[in-house]
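Working notes, structure below.
The values are calculated or read from the model by the stated rules, or taken from the named source; none is laboratory data. As the structure is a computational prediction, the values presented were derived from the model and not from experiment. FYI the Cβ positions are ideal-geometry reconstructions off the backbone, even for glycines, and counts take in every protein chain you see.
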Amino acid sequence: MKKVSIYRPTSVNEAMQILTEHGPSAAVYAGGTDLLIRLKNRLEQAPSYLVDIKKIDNLRYIKEDAQGGVEIGAATKLAEMADSALLQNRYPMLVEAINKISSPELRNASTLGGDLLQEVWCQYLRGGYSCWRNGGYMCYGAIGDNSYYHSAMGGRLCYAVYPGDAATALIPFDARAKLATPQGVKELSIEQLVPGDMMVDGRIQSHVLRFNEILTSVVIPAPKANLRASFEKLRPRGVWDFAMASLALAVQTKDGKSIDDSRVVFGGISGKPYRETAVEAFLKGKALSAELGEQAVAVALTGAAPLKYNATKVDMAKGLLMSGLARVSA
Ligand code: SF4
């Protein structure tokens, strides 16, 4: 394992100062379920300085806010989210998604912030290949085995899929992320937070956080009236594995029957949680019915650009759209 130095700041400001001092060679350390593996794999981009934020007060909580929504501290464990009566009551689809992340043991260690900002799990990166994300100048995923960890919706430099489930499930609720930055608090939608492979501070990452910014919380607005939602996930094994394809779906009805608004977000198929606005436009005004899924599939993912070995991800995602619409129509 790569040798590192650890800081244990007691405030967000102190943590930001340390991150600023060391630049991109430092990184925030919370649950460690992604970061420690990057260190173990001795990746080029793995940090030399860890800024352990577990001792900072006020980063680990789930509470109602004044507007009837819920705010979740970034260092809150996934298991704490899964056990929260408040979240189970207000956003059962989110809890369903959290319960499908990895295994119970890892949910006890992983944090919400870590799930949102995790590094991709492309086997070439994790195997230490010198690819774009690891300080090199090519993408092995685009030309090698791309059957599992790679995008079926195209890419720029890196073709790895965004691996997190929490972001996919938070987007249908219009959740927002709060960031502490040296310039003050910044708020972003979850889509803005994880837009896919981006060059930030000279390195490729899936999120837009700069080296000295810290994700502090996620705010979920009060649930909309007449909202029906479902989360579906296909993976090789029933636990542990990342999604081959997933779908977070939410439909809001006027009268319990016709769809007024919707969010259709696929995971596991693209470098970002993939919001399928063509299906959302198609669903507007339609009556919930058993046939709706088949009709919606005809307009779904028309922009797919599968690589040599992953066209099946597109079929899986379309199958999830049919089963998701069947669930919310029942
Ligand atoms: S998909 Fe991304 S992480 Fe994988 S080899 Fe290509 S550049 Fe590296």
Say we look at the stretch 236-252 and pick out the residues that are surrounded by fewer than 20 Cβ atoms within 10 Å (Cβ to Cβ) and modelled with pLDDT under 95; which of these is farthest from K63 (Cα to Cα)?
P236
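Which one is surrounded by the most Cβ atoms within 10 Å (Cβ to Cβ) among residues in the stretch 162-184 that are over 22 Å from V95 (Cα atoms) and touching a residue at least 24 places away in the same chain (Cβ under 8 Å)? Full working, then the answer.
The initial filter retains those residues of the stretch 162-184 that are over 22 Å from V95 (Cα atoms), namely 179-184.
Add one more test, that the residue is touching a residue at least 24 places away in the same chain (Cβ under 8 Å), and what stays is 179-182.
On the way: L179: 19, A180: 21, T181: 13, P182: 12.
Across the stretch 162-184, the extreme among qualifying residues is A180.
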Selection count where residues are within 17 Å of the chain's Cα centre (by Cα) and free of Cβ contacts under 8 Å to residues at least 12 places away in the same chain, scope the stretch 74-117:
0
If you scan the stretch 189-210, which residues turn out to be surrounded by 15 or more Cβ atoms within 10 Å (Cβ to Cβ) and hydroxyl-bearing (S, T, Y)?
S206
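I72 - would you say it is assigned to a loop (DSSP other than H, G, I, E, B), under 25 Å from V264 (Cα atoms), more than 16 Å from the ligand (Cβ to nearest atom) and modelled with pLDDT of 95 or more?
So I72 does not fit the description; no.
Which strands (runs of 3 or more DSSP E) does the stretch 141-218 wholly contain that include 2 or more residues that are away from the ligand (no atom under 16 Å from the Cβ)?
Working: elements: 176-181, 184-189, 198-200, 203-205.
Where strands (runs of 3 or more DSSP E) fall fully within the stretch 141-218 and carry at least 2 residues being away from the ligand (no atom under 16 Å from the Cβ), they are 176-181, 184-189.
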Need the failing condition index for Q45 against (1) part of a helix (DSSP H, G or I); (2) over 28 Å from P104 (Cα atoms); (3) of a type outside the set (K, R), just the number.
(1)
When Y129 is evaluated against the numbered criteria (1) touching a residue at least 12 places away in the same chain (Cβ under 8 Å); (2) assigned to a loop (DSSP other than H, G, I, E, B); (3) not small (G, A, S), which criterion, by number, is the only one it fails?
(1)
Do we have any residue at all in the stretch 218-229 that's surrounded by fewer than 17 Cβ atoms within 10 Å (Cβ to Cβ), within 25 Å of G155 (Cβ to Cβ) and of a type in the set (K, R)?
no
Name the residue that is nearest to S230 (Cα to Cα), counting only residues in the stretch 251-285 that are under 29 Å from the mean Cα position of the chain (by Cα) and among the charged types (D, E, K, R).
R263
Of the conditions (1) buried (at least 21 other Cβ atoms within 10 Å of the Cβ); (2) part of a helix (DSSP H, G or I), Q88 clears all except one; give me its number.
(1)
Any idea which residue in the stretch 119-140 is nearest to L234 (Cα to Cα), counting only those that are in contact with a Phe, Trp or Tyr (Cβ under 9 Å, 6 or more places away or on another chain) and either polar (S, T, N, Q) or more than 10 Å from the ligand (Cβ to nearest atom) (or both)?
Q123
Just to confirm my filter: which helices (runs of 4 or more DSSP H) fall fully inside the stretch 269-330 and include at least 3 residues that are touching a residue at least 60 places away in the same chain (Cβ under 8 Å)?
311-329
Is it true that some residue in the stretch 58-69 is modelled with pLDDT of 95 or more, in contact with a Ser or Thr (Cβ under 6 Å, 6 or more places away or on another chain) and among the hydrophobic types (A, V, I, L, M, F, W, C)?
yes
